[in-house]
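For reference, the structure is listed below as structure tokens.
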Amino acid sequence: MENIEVIIIGGGASGLMAAISSARSGASVRILEKNDRIGRKILATGNGRCNFTNLNCMGTDFMGSEPDFASKALTLFGVRDTLNFFEELGLFHREESEGRIYPYSEQAVSVLDALDSELNRLKVEVLTSSTVSAIKKNADGFVVLVFGGRQYRADRVIIATGGKAGVQYGCIGDGYALAKALGHDLIEPRPALVQLVSDAPFFRQLKGIRAKGKVTLYKEYSVKEFSGDSAKHGHHFIAQETGEIQFTETGLSGICIFNLSRYIKNLAAPDRGENLQKTKKMANAGDNTVVVDLIPELSLSELSEKLVLRLNHCRHKALEDFLNGIINKKLIPILLKECKLSGVHKSCETLNMADIDKMVSILKEWPIKIIGTKDFQDAQTTTGGIDAKQIDDATLESKVIPGLYFTGEVLDVDGRCGGYNLQWAWTSGFLAGRAAGQNGEAFVC
């Protein structure tokens, strides 16, 4: 029997893995990539270092319309399989904090070169500057049409076009239209692993400041008058993260913030400008609030005790110096204003217990209203995509169109920040490629 002919639409991480897996199954493989080179987004990941997996990666680290979808796939090709795969291609790796895995060279190009070398060995045909306009299903398989008039026949097709995150790398969500034309449902794509935007005016003063702490995302968060104990009542808890918080001129950033951004349901907010008021009205329905705990190691009562003790030793100091050494100095005037303690130059002798309670409250539970996220150009990945209910979780084959497969970010599957989404690319690409390339025979690596 002749080899199965497989066309892979997209030459990103999952597409390249699918091509290798398919070709190793014995298929004749062709990649159609719309950019002038493959792997452009791989080169940009991890600030050019490519955090290509994470030792802590599990199915529960992913979300989507089918929360358990990634779990089955990861049992079939997981982190250890990925490390073995790249080691066989000659790529050394090193582990960094929180299980992040990088190439030992600390160069993303090392990952791409390893994949490219294997594609050449397997004689995979790579056609760049080839934008697919349509996929036609017929009795003999598929016909893939490319802008400019070219068309290619295939027994099986893998859509590995990515999502909409990183439009500067050609990621514009064109795979969604191809899938919808073939009868698949789309969960609204939104930016994920991206900065959160707030309209609070003080962010202009906080650009570049970093602080370690705990951040909690709420919906419909209300604040009542402080009465000596925590009087902030959070409704509809959504998610919580701990790590470094980065303040920008438009809101919040940092890995812990990126992980919260996956849950923001309202549309991406623009930078400050003429459309800001419109966006604020849209975001009000979501009513997202991030509550920042700048001192997560201490409880409310423990922090209160320490600040009372501190006051006994600091009555001679100015109010602006009272929190010096506890938090970043540039945060102090902002937080004092937030808890309605004016006159930063006045003496600490004026402070009373109610004032201490206000400081404790803002240090432990600083609510920041969120009006949206940065857009796809700033996002690391996409939440939303092709509905996973219509995809087999072991082979990544469509339940709507037999012989059609999906991989990576085009699916409604997204993971945490830290190598998780590239692991999903390798996992889904390997499984889809293997299934698409097989001709009813056992897979041999």
*Taking region 113-142 on its own, how many of its residues are within 17 Å of A13 (Cα to Cα) and not in a loop (DSSP other than H, G, I, E, B)?*
11
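Residues are listed down the side, and each one gets a yes or a no for (1) closer than 15 Å to I362 by Cα; (2) at pLDDT 95 or above; (3) among the basic types (K, R):
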| position | (1), (2), (3) |
| --- | --- |
| N288 | no, no, no |
| V292 | yes, yes, no |
| E302 | yes, yes, no |
| A318 | no, no, no |
| L323 | yes, no, no |
| I326 | yes, no, no |
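Kindly state which strands (runs of 3 or more DSSP E) lie completely within region 1-95 and contain at least 1 residues that are over 13 Å from L422 (Cβ atoms), β-branched (V, I, T) and in contact (Cβ under 8 Å) with a residue 60 or more places away in the chain.
Working: elements: 5-9, 28-32, 62-64, 93-95.
Passing ranges, in order: 5-9, 28-32.
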*Select from region 231-266 the residues that are buried (at least 17 other Cβ atoms within 10 Å of the Cβ) and in a loop (DSSP other than H, G, I, E, B) and write down the one among them that is modelled with the lowest pLDDT.*
G234
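Condition check ((1) surrounded by fewer than 18 Cβ atoms within 10 Å (Cβ to Cβ); (2) in the same structural domain as Y169 (by TED's automatic domain parsing); (3) closer than 17 Å to F247 by Cα) across all residues:
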site: I332; (1), (2), (3): no, no, yes
site: L335; (1), (2), (3): no, no, yes
site: S342; (1), (2), (3): yes, no, no
site: H345; (1), (2), (3): yes, no, no
site: E349; (1), (2), (3): yes, no, no
site: A354; (1), (2), (3): yes, no, no
site: V360; (1), (2), (3): no, no, no
site: L363; (1), (2), (3): no, no, yes
site: K369; (1), (2), (3): yes, no, yes
*Out of the residues in region 80-112 that are among the small types (G, A, S) and exposed (fewer than 15 other Cβ atoms within 10 Å of the Cβ), which is nearest to R37 (Cα to Cα)?*
G90
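Against the definition (surrounded by fewer than 20 Cβ atoms within 10 Å (Cβ to Cβ) and of a type in the set (A, V, I, L, M)), how does L115 come out, yes or no?
Values: surrounded by fewer than 20 Cβ atoms within 10 Å (Cβ to Cβ): no; of a type in the set (A, V, I, L, M): yes.
The answer is no for L115.
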_So if I check each of N312, N288, N324, which one is assigned by TED's automatic domain parsing to the domain that holds L260 and more than 24 Å from S347 (Cα to Cα)?_
N288
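The values are calculated or read from the model by the stated rules, or taken from the named source; none is laboratory data. The structure displayed is predicted, hence computed values, not measured ones. Heads up, the Cβs are rebuilt from the backbone with ideal geometry, glycines too, and the neighbour counts pull from every protein chain shown.
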